[in-house]
1. Please go through segment 8-45 and give me each residue that is modelled with pLDDT under 90 and surrounded by fewer than 18 Cβ atoms within 10 Å (Cβ to Cβ), ordered by number.
2. Count, please, the residues in segment 163-177 that happen to be within 15 Å of the ligand (Cβ to nearest atom) and in a loop (DSSP other than H, G, I, E, B).
3. If the requirement is being exposed (fewer than 12 other Cβ atoms within 10 Å of the Cβ) and not hydrophobic (A, V, I, L, M, F, W, C), which of these qualifies: E152, E178?
4. Looking only at residues that are surrounded by 15 or more Cβ atoms within 10 Å (Cβ to Cβ) and touching a helix residue (DSSP H, G or I) at 6+ places or on another chain (Cβ under 6 Å) in segment 71-83, which one is farthest from R96 (Cα to Cα)?
5. Being under 24 Å from the mean Cα position of the chain (by Cα), away from the ligand (no atom under 16 Å from the Cβ) and free of Cβ contacts under 8 Å to residues at least 40 places away in the same chain is the requirement here; does R128 meet it?
6. Which numbered condition trips up A226, out of (1) in contact (Cβ under 8 Å) with a residue 40 or more places away in the chain; (2) under 30 Å from G14 (Cβ atoms); (3) surrounded by 15 or more Cβ atoms within 10 Å (Cβ to Cβ)?
7. Would you mention how many residues in segment 181-218 are surrounded by fewer than 16 Cβ atoms within 10 Å (Cβ to Cβ), in a loop (DSSP other than H, G, I, E, B) and over 17 Å from the mean Cα position of the chain (by Cα)?
Amino acid sequence: MKTVRLDKFLSDAGLGTRSQVKTFLKKGAVSVNGTVVLKPETKICPETDAVICRGVPVTHTEFFYYMLNKPAGFVSATEDKSAATVLSLLKDAPGRGLFPVGRLDKDTEGLLLITNDGALAHRLLSPRHHVEKTYYVRAAGSVTAADLEKLESGVEIGEKALTLPAKAKLLSVIPSPEGSAVSEVELSICEGKYHQVKRMFHAIGAPVLFLKRLSMGSLSLDENLAPGAFRPLTPEEIAALKKE
Ligand code: URA
């Protein structure tokens, strides 16, 4: 049966870097099959040995899933020469090889899934799967019923075809003393073309002033997450996403 070093097992399970793990191992925080183990090099069998760290059983975890409430000003990338990346907001999160699932523009806020599960990311982003994304949009001008109808049935955004059928709900039109109103719209789309929402609103003559993603498939932004904050997905959220 395959064995691994205890410090590697704990680190791979997301409990910290190898040196952090060694430190708490030496303090007696970990037991294997009921016996406290202090030596990081101790070999264990992940399938049969019961590893407990500070009273909590440790299971081998390969994949990590986080929901981030992306703030404006961060780029949806793992590295960038000139701007802060969304991954810099998850510096202390366990998990190797994390990346954002899809892109939100630098000035867009809201739900961003961060994972190291490439297969799930591929499925969620595949144009064939038509995973629905819902956005809160604040746009310049008074969006009319005719505009909503256009957004829903398909608009010209400079691609070969019109945009796919969408759902658009007018939340409010806020009049302004200077006469330039602002409209709040909830838009759900099943595509993910570059700047898609901004281009759709440009097509109806209502430039986007503020954009926030509220949901992606079954996953909704947790309202308790302040901009810049993240949390691991629950097992139920992960299971639902895998069914998308
Ligand atoms: N559509 C956009 O225009 N921008 C985003 O960030 C996401 C969708």
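1. K8, G14, G16, T17, R18, S19, Q20
2. Qualifying residue count for the region: 3.
3. Values: E152 fails: exposed (fewer than 12 other Cβ atoms within 10 Å of the Cβ).
Unique residue meeting the criteria: E178.
4. Of everything passing the filter in segment 71-83, F74 is farthest from R96 (Cα to Cα).
5. Yes; evaluated as a whole, the condition is true for this residue.
6. (3)
7. 5
Conditions tested, residue by residue: (1) out of contact with any strand residue (DSSP E or B) (no Cβ under 8 Å at 6 or more places or on another chain); (2) within 13 Å of the ligand (Cβ to nearest atom); (3) at pLDDT below 95.
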{"residue": "G179", "(1), (2), (3)": "yes, no, yes"}
{"residue": "S183", "(1), (2), (3)": "no, no, no"}
{"residue": "G192", "(1), (2), (3)": "no, yes, yes"}
{"residue": "M216", "(1), (2), (3)": "no, yes, no"}
{"residue": "P232", "(1), (2), (3)": "no, no, yes"}
{"residue": "L241", "(1), (2), (3)": "no, no, no"}
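The values are calculated or read from the model by the stated rules, or taken from the named source; none is laboratory data. Note that the coordinates shown come from a computational prediction; the quantities given were computed from them, not determined experimentally. No Cβ is skipped: glycine too gets one built from the backbone with ideal geometry, and neighbour counts run over all protein chains shown.
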